[in-house]
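This report concerns only the one structure given below.
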Amino acid sequence: MLAGLVLPLAARAQQVPGSLDIADMTWIELRDAVAAGYRTAIVPSGGIEQNGPHMILGKHDHIVRANALRIARELGDALVVPVLSFSPQGRFEPPEGNLRFPGTIGVTDEAFAAMLDGIARSLRAAGFRTICFLADNGPSQRPQERLAARLSAEWRRDGVRVIAVDRYYAAIARQDDWLRAQGETDATIGTHAGIGDTSELMAIHPPGVDLSRLPARSDMLPALGASGDPSRASAARGEAMLAMRITAAVEQIRAAQAR
């Protein structure tokens, strides 16, 4: 009786929805997508943090969600889970880094890793064989790397691999080199909410950037939570820099899948 309810593989493939975001799917659609070969899951994590006077708190979330979907399309066998918005931001008492500014929401490394652990175990139970942690936030890198190594060792006999896609974040160095080649300096590029961050968000979510809120002089920015000269950002620059990160992530995931 139950056998008659199971669709042939080809029919299942035709039922995979246009969206690669699992939140847009029913559980039946997800089951059938996995059976049709969509066995790679991308777990994007962002962060709610201050980004100077000119960018919204949810910068990381917008960027990593858009990038995760583009990476999934490039891979051809991947689905994306909703963005994990809360990430490590440093010490709470006394507050450090972005936590010195209202609106930043931090969690401990342990809490962040515990959330990823539960997500990964749920995805493994659903049939995914490659699980990719994709963090857009710097302090999230080390916790996701440690967890990916531990889960990969735990599930090795089951053929399930967990990847910390660290080349995605490391590609920021390549972006900076590219900006220097265009005549920018370390002082204009900045290290937080500068040309790179601002350009990426302008390319993905223009309403999240308002350059008119920048102070008259860039040397006033550090006190407002940013650095560099974000006024030199553009959506065109953002598109070029996003492509670097997406390419780096796709190459790393494909290389891991081939092993």
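Structure summary
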{"item": "Candidates R245, R254, filtered to the one that is open to solvent by less than 30 Å² (accessible area, probe 1.4 Å) and under 30 Å from I131 (Cβ atoms)", "result": "R245"}
{"item": "Members of the range 175-187 found to be open to solvent by 20 Å² or more (accessible area, probe 1.4 Å), under 25 Å from the mean Cα position of the chain (by Cα) and touching a residue at least 12 places away in the same chain (Cβ under 8 Å), listed by number", "result": "D176, W178"}
{"item": "Residues (open to solvent by 40 Å² or more (accessible area, probe 1.4 Å) and assigned to a loop (DSSP other than H, G, I, E, B)) located in the range 78-100", "result": "P82, F86, R91, F92, E93, P94, P95, E96"}
{"item": "Which numbered condition G194 fails, given (1) buried (at least 19 other Cβ atoms within 10 Å of the Cβ); (2) out of contact with any Asp or Glu (no Cβ under 8 Å at 6 or more places or on another chain); (3) closer than 22 Å to M55 by Cβ", "result": "(2)"}
{"item": "Flag if F112 is out of contact with any Leu (no Cβ under 7 Å at 6 or more places or on another chain), open to solvent by less than 40 Å² (accessible area, probe 1.4 Å) and assigned to a helix (DSSP H, G or I)", "result": "yes"}
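Quick grid of which residues meet (1) touching a residue at least 12 places away in the same chain (Cβ under 8 Å); (2) among the aromatic types (F, W, Y); (3) touching a Pro at 6+ places or on another chain (Cβ under 6 Å); (4) not in a strand (DSSP E or B):
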{"site": "D32", "(1), (2), (3), (4)": "yes, no, no, yes"}
{"site": "Y38", "(1), (2), (3), (4)": "yes, yes, no, yes"}
{"site": "P44", "(1), (2), (3), (4)": "yes, no, no, no"}
{"site": "Q50", "(1), (2), (3), (4)": "yes, no, no, yes"}
{"site": "P53", "(1), (2), (3), (4)": "yes, no, no, yes"}
{"site": "D61", "(1), (2), (3), (4)": "yes, no, no, yes"}
{"site": "V64", "(1), (2), (3), (4)": "yes, no, yes, yes"}
{"site": "A68", "(1), (2), (3), (4)": "yes, no, yes, yes"}
{"site": "I71", "(1), (2), (3), (4)": "yes, no, no, yes"}
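The values are calculated or read from the model by the stated rules, or taken from the named source; none is laboratory data. All values reported here derive from a predicted model rather than from experimental measurement. Quick reminder, even Gly has a Cβ in these numbers, built from the backbone with ideal geometry, and neighbours come from all protein chains shown. For the accessible areas, the whole protein counts, side chains as well, though only heavy atoms, and no ligand, DNA or RNA atoms are used. Shrake-Rupley method; radii C 1.70, N 1.55, O 1.52, S 1.80 Å.
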